[in-house]
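Here is the structure we will look at.
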Amino acid sequence: MEDEILAELEDIERRIAAKDKIIEEKDQVIGEKDQVIEEKDQVIEEKDQVIEEKDQVIEEKDQTLEENAKALGEKDREIEKKAKALEEKERELAEKDRLIAELRGSK
């Protein structure tokens, strides 16, 4: 009977030792997976930072684009003013040419 109990205890101890080994292996796997997760978290943080930097660049380029569009609008208005002034000068010159032609014709 004692032998049976001892054999049963030894069997239980072997199973406990086997389960302890499995637990250690799983703990090691968990540790490795935790490390992988930490590395991936770091990569994600770095990518988030890159995205933030790119967002900032986009905002700056949008602002520059708006400023350029505004400047272009102002240049267009200046060109229109100069074109109108040129048309007026051309009308004045045409009128002067007509008057000169009339004066020459009346002599």
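Read-outs: derived from the displayed coordinates by stated rules, not from any lab. Since the structure is predicted, the reported quantities are computational estimates derived from the model, not experimental observations. Positions of Cβ are generated from backbone atoms using ideal geometry, with glycine treated the same way; all protein chains shown enter the neighbour counts.
I'm trying to understand the selection: among the residues of the stretch 15-52, which are basic (Lys, Arg) and either under 39 Å from the mean Cα position of the chain (by Cα) or surrounded by fewer than 10 Cβ atoms within 10 Å (Cβ to Cβ) (or both)?
Taking the stretch 15-52 and keeping what is basic (Lys, Arg), we get 15, 19, 21, 26, 33, 40, 47.
Correct list: Lys33, Lys40, Lys47.
Is there a residue being within 20 Å of the chain's Cα centre (by Cα), of a type in the set (Lys, Arg) and surrounded by 10 or more Cβ atoms within 10 Å (Cβ to Cβ) anywhere in the stretch 55-70?
For the stretch 55-70, residues within 20 Å of the chain's Cα centre (by Cα), of a type in the set (Lys, Arg) and surrounded by 10 or more Cβ atoms within 10 Å (Cβ to Cβ): present.
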